[in-house]
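These notes concern the structure reproduced below.
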Amino acid sequence: MKAIVIEQFGGTDQLKYADWPKPQPAAHELLIRNVAISVNPVDAKIRANGTWAGIPLPAVLGYDAAGVVEAVGEQVQDFRVGDEVFYTPQIHGNIHGTYAEFTPVPAAFVAHKPRGISFEEAAAIPLAGGTAWEAIVRRLQIKPGETVLITAAAGGVGSFAVQFARAAGARVIAMASERNHEFLKLVGVDFVVDYHRSDAHQQILEYTGGEPRGCCIRHSG
């Protein structure tokens with residue numbers, strides 16, 4: 001199969017379009033034919049020096065994709081060949097990223113693609129959306145009526161976090177540059193503050209009448 005392969009860490013010149021062995025899924029995995037992928041800041045960080053992620057070389061990078069199930073491992077129960085899905089593969093120690101025609105990925109990391117969105121739209125969701133879900137839903141376990149402060153709210157992770165918090169019934173306060181305020185109001189923020197202002201913290205205290213519960217998500221995406 002064709003893939004974009006990196007044989008040593010460094011600049012963008014290290015990304016090579018090449019032939020790569022077509023993988024087969026392990027018992028707990030799916031093999032997915034990628035239809036659309038997206039690129040994240042972590043891709044560039046790993047390309048520059050992925051030793052921190054324990055990635056042996058050569059490797060295929062890429063951590064967001066949507067596609068069609070090509071093959072199903074013998075232990076997988078919830079997916080069938082031909083299913084439309086989206087996913088983010090494991091980062092640490094993984095040489096099978098999404099910059100390829102096919103990617104093997106644990107079935108636990110895969111979700112069925114909603115019919116109402118395109119492959120391109122679905123490919124933009126998993127990494128940023130999953131990070132926000134982990135923070136808002138799994139770790140903070142936000143409840144209706146709570147107040148949540150989200151910094152960097154207009155970024156990829158932050159904008160998902162805003163929507164998850166609102167869906168959970170929370171009141172959402174966001175910090176972002178002024179140019180992003182209208183966008184954040186559209187996705188459900190109750191009160192937004194420009195973090196460049198020296199009185200940003202005081203504005204939040206006045207709005208809430210006290211210290212809000214903080215979900216401070218800082219993300220370069």
Any idea which of Asp43, Asp78, Asp13 is over 23 Å from Ile125 (Cβ atoms) and of a type in the set (D, E, K, R)? Asp13
Among the residues of the range 202-218, is any buried (at least 18 other Cβ atoms within 10 Å of the Cβ), among the β-branched types (Val, Ile, Thr), at pLDDT 95 or above and within 22 Å of the chain's Cα centre (by Cα)? no
For Asp43, all conditions in the list (1) open to solvent by less than 30 Å² (accessible area, probe 1.4 Å); (2) charged (D, E, K, R); (3) touching a Pro at 6+ places or on another chain (Cβ under 6 Å) hold save one; what is the number of the exception? (3)
Considering each of Arg179, Arg197 in turn, give the residue that is assigned to a loop (DSSP other than H, G, I, E, B), among the basic types (Lys, Arg) and surrounded by fewer than 16 Cβ atoms within 10 Å (Cβ to Cβ). Arg197
May I ask you to verify whether Trp20 is among the aromatic types (Phe, Trp, Tyr) and open to solvent by 50 Å² or more (accessible area, probe 1.4 Å)? no
At pLDDT 95 or above, within 16 Å of Ala123 (Cβ to Cβ), of a type in the set (Asp, Glu) and touching a Lys or Arg at 6+ places or on another chain (Cβ under 6 Å) - does that describe any residue in the range 51-65? no
Just to verify a result, which residue in the range 78-121, among those that are part of a helix (DSSP H, G or I) and in contact with an Asp or Glu (Cβ under 8 Å, 6 or more places away or on another chain), is least open to solvent (accessible area, probe 1.4 Å)? Ala107
Kindly check whether there is at least one residue in the range 107-128 that is within 23 Å of Val42 (Cα to Cα), touching a helix residue (DSSP H, G or I) at 6+ places or on another chain (Cβ under 6 Å), of a type in the set (Phe, Trp, Tyr) and without any contact (Cβ under 8 Å) to a residue 40 or more places away in the chain. no
Selection from the range 153-174 of residues closer than 14 Å to Phe191 by Cα and assigned to a loop (DSSP other than H, G, I, E, B) yields Ala153, Ala154, Ala170
Where residues in the range 122-136 are open to solvent by 20 Å² or more (accessible area, probe 1.4 Å) and not β-branched (Val, Ile, Thr), which of them is nearest to Ala168 (Cα to Cα)? Trp133
Counting only residues in the range 137-152 that are among the β-branched types (Val, Ile, Thr), open to solvent by 10 Å² or more (accessible area, probe 1.4 Å) and not in a loop (DSSP other than H, G, I, E, B), the one nearest to Asp199 (Cα to Cα) is identified as Thr147
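The values are calculated or read from the model by the stated rules, or taken from the named source; none is laboratory data. Just so you know, these numbers come straight off a predicted model, no measurement behind them. No Cβ is skipped: glycine too gets one built from the backbone with ideal geometry, and neighbour counts run over all protein chains shown. The area values use the complete protein model at the heavy-atom level, side chains included, leaving out ligands, DNA and RNA. Shrake-Rupley method; radii C 1.70, N 1.55, O 1.52, S 1.80 Å.
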